[in-house]
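The values are calculated or read from the model by the stated rules, or taken from the named source; none is laboratory data. Because the structure is predicted, anything quoted here is derived from the model rather than measured. Positions of Cβ are backbone-derived with ideal geometry, glycine not excepted, and every protein chain shown enters the neighbour counts. For the accessible areas, the whole protein counts, side chains as well, though only heavy atoms, and no ligand, DNA or RNA atoms are used. Shrake-Rupley method; radii C 1.70, N 1.55, O 1.52, S 1.80 Å.
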Amino acid sequence: MRQLIVFAFSLSIALSSFSKENPTTDTQELSKIDRLYYNCKIWGFLKYYHPLVAKGSFDWDEKLQGMLKNTANIQTYESYSEYMTRWIYYMGQIKPCAKCNQPSNEEPFLKNFDLSWTQNSKFSDEFRKSLKNIENNRFQGNNHYVGQGKVGQFEPKNENPDYEFIWKDENQRLLPLFRYWNYIEYFYPYKYKTDQNWDDVLREMIPKFLEADTRLDFHLAMLELVVKVDDSHGGFITSLIDEMPYFTFPSVQLEVIEDQIVVTKIIDEAKASQDDLRVGDILVTVDGQTATKLHESHKKYIWGSNDAVKNRSITYSLFMGKTGTVPVTIERDGATQPKTVTLYKSSDLNAKKDPVVKWKHISDSIGYVDLEHVVVGDVDEIMGNLMDKSVIILDVRNYPRGVYRAISKYLNPTDTTFAIFTRPDYSYPGKFVWSGESTCGSDNDDYYKGKVILLVNEKTQSHAEFTCMCFQTAPNVTIIGSQTAGADGNVTKLRLLDRYYSSLTGIGVYYPDRGETQRIGIVPDIEVKPTLNGIREGRDEVLAKAVEVAQEEVDRLLEQARLEELVRLEQMRLDSLRMDSLRLNMMPPDTLKTDSLKYDDGGK
C-alpha cells in the first residue's frame, strides 16, 4: 500500500509539473472545450478498455479530477498528447491479449461503434499508438464498472454512491456528464438513432455544465443531457432539487389535439368546477405566454422517443416550475376567456376512476378486450367467449400485464418468431451483437380464424409495443390508431450520483426482418387521431373506427356467405339437372315403345 501511495504521489507531481512546464508553443491550438471533450472520451475509453483500469485498480473518479486539474493549462494538441501518453504509461504495462484477436461466432452490430477519434491526426504518433495498443489488448472478463441485467442489458456497478459531490465545483459538475455520456457511448443500443450526433451533444453540453451557477441550472443541464438520448425510457429524477416543483398539476387532463392544447378529461370534478374548466376548452396562453410556443420551448426538458410522447407530457411541460395558481386564457365556443388554473399535488386530486371492463360483446359478431386490466388467469375465459366472433378488438392503448403469449396461443396456428435482439458486446465495448429471439403462439389447428384489430396510440409503450409485435404474427391483423411511444426493450436503471437517477432502453429490439421500432413505434395500418369535435362529443374515435372496420369485415363475411350460399344452391340445381339427364341417358331404349303411343286421328 505504501508503495502504491508513493507511486501515485510521484505520478501526480510528475504530470502536474509537466502540464505547467510545457508552454503553449505548438501550432495546433487546443481550445478548452476540445480539451474537456477529449478528457471525457479518453477517461471513458480507459475505464472500459484499459486492463488495469477496468479491473478496478484505481479510484477512477478521483483520477478524473486529477486529469482535469493537470490538463487545465494545456493549450496545444502536442502538449496534450505528451501528457496523456505519460499518464497512460504510468498506469502500468499492458500485456498482450491473445483472446482479443480471436474471431467471434456472434454476428456483430456495428452502427454504434466508432473509435476513429483515437487516431485523430492532431494527436502525436506515440499517443495514437498508445490508444490503439489499448484497443487491441483491451480488458477481457468482468469489468469492475460493468454489470449485466437479466437479459444482458448494461447496468453500471461500483460507481461510488458516497462520492462527496460538490456541485459548485466546476470540475466535479463534469463527473455526472462524463459518466452518463460514456454509458451511452459504449452501451446504449440505439445511440445511432439520436437526432443529434452524440459527439456533438458532448461539445454542446460541456459549456452548460461549466456555466451552471445554481443547483437548478445544474439539474436542468442534466435533464437536457438525458433528453438528448431521444428515448421514452430515458427519464431523470433527483430529490436534491427543490427550487423547481415539477410535480404539480391542474384538475384536468390536457392533450395536443389538432395542433391545439385541449382539455380532454376532468380529473377532479369539484376542483375543475371551481376553476370553471370544461372538456373541449382550448388552452391559448399560460402565464402570458402562448401555450403551444411554451410547450415547444420546454421540449428540450421532456424525454421521449418522438413528438407523440413529448406531447403526452404536455401538462408537465406547460406548468413546470409553477405552483399555486396560474393565469391562463382559454377558448370556448369561439370566444377567449381569462381563467385561473389551480395546481395541486397528484395526491390532492380526487381522481374519478373509470369502471373496469376487461372485455365485452360489442355485437353478436364483434368482441372487445381491454388489455390494461386482463391478467393471464383471465385469458381462457375471455377467448373462450370470443372465439366465435368474426372480429376481436384488442385495445393496447395502455400497459398490458404480460398476457401476450397466453393470448397468442389462441391467435396463431404455429409458434412464430416475432422479435430479435441486440445486446452489448462486453468484450469490445461500443460494439453490439445479434443475440436471441422471442416467439409466441403454438401449434394449434383450432386457432382463431377471424380478424384481429389492435388499437394503439402514444400510451402504447415498451411492453405494450412488444405485445403488438407478437400479435402482428397472427394471420389477419389490422392496427388502428396513431404513433406509439417507440421505446422497445428492457430498461436499464442508472444511478449517476447519490439521489441522481436516470434510465434508458437497455437492449435493441427488432422485427425478424430487422425492421426497427425504436423511435418509430408500431406503425398503424389505419391512422386515426382524436379530433376536437370528437373530444367535445365524448367519442372514442379510435374505437369507433375499429368498430366501423370490424363491421365492414362482418358485412364482407355475410356477403361472402350469401354468395357462397347462392353458388351452393346453383350448384345443387345444376347437379340435380345433371342427375336427371344422367338417369334419362341410362334408361334402356325399349323403355319408350312407339306402339304405346296412341295417335288420335280425329276418327278418320
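At a glance:
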item	result
Breaking point among (1) in contact (Cβ under 8 Å) with a residue 12 or more places away in the chain; (2) on the phi < 0 side of the Ramachandran plot; (3) surrounded by fewer than 20 Cβ atoms within 10 Å (Cβ to Cβ), for Glu62	(1)
Strands (runs of 3 or more DSSP E) completely within segment 402-518 that count 2 or more residues being in contact with a Gly (Cβ under 7 Å, 6 or more places away or on another chain) and crowded, with 20+ Cβ neighbours inside 10 Å	416-424, 451-456, 500-505, 508-510
Which listed residue, of Lys20, Lys63, Lys41, is modelled with pLDDT under 95, among the charged types (D, E, K, R) and either within 18 Å of Glu185 (Cβ to Cβ) or in a helix (DSSP H, G or I) (or both)	Lys20
Checklist (1) free of Cβ contacts under 8 Å to residues at least 60 places away in the same chain; (2) over 21 Å from Trp181 (Cα atoms) applied to Tyr83, failing item	(1)
Subset of segment 261-291 that is touching a helix residue (DSSP H, G or I) at 6+ places or on another chain (Cβ under 7 Å) and hydrophobic (A, V, I, L, M, F, W, C) - its residue that is most open to solvent (accessible area, probe 1.4 Å)	Val279
Number of the condition not met by Asn112 [criteria: (1) of a type in the set (S, T, N, Q); (2) modelled with pLDDT of 95 or more; (3) surrounded by fewer than 19 Cβ atoms within 10 Å (Cβ to Cβ); (4) within 35 Å of the chain's Cα centre (by Cα)]	(3)
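This table checks each residue for (1) modelled with pLDDT under 95; (2) buried (at least 17 other Cβ atoms within 10 Å of the Cβ).
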residue	(1), (2)
Met320	yes, yes
Lys352	yes, no
Val376	no, no
Glu381	no, no
Asn385	no, no
Leu394	no, yes
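Condition check ((1) over 17 Å from Asn476 (Cβ atoms); (2) open to solvent by less than 50 Å² (accessible area, probe 1.4 Å)) across all residues:
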site	(1), (2)
Val523	yes, no
Val528	yes, yes
Asn533	yes, no
Arg536	yes, no
Glu541	yes, yes
Lys545	yes, no
Ala550	no, yes
Glu553	no, yes
Arg556	no, no
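Matching residues to (1) without any contact (Cβ under 8 Å) to a residue 12 or more places away in the chain; (2) more than 18 Å from the chain's Cα centre (by Cα); (3) more than 16 Å from Leu494 (Cβ to Cβ):
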{"site": "Glu155", "(1), (2), (3)": "no, no, no"}
{"site": "Gln172", "(1), (2), (3)": "no, yes, yes"}
{"site": "Ile184", "(1), (2), (3)": "no, no, no"}
{"site": "Thr194", "(1), (2), (3)": "no, no, yes"}
{"site": "Lys208", "(1), (2), (3)": "no, yes, yes"}
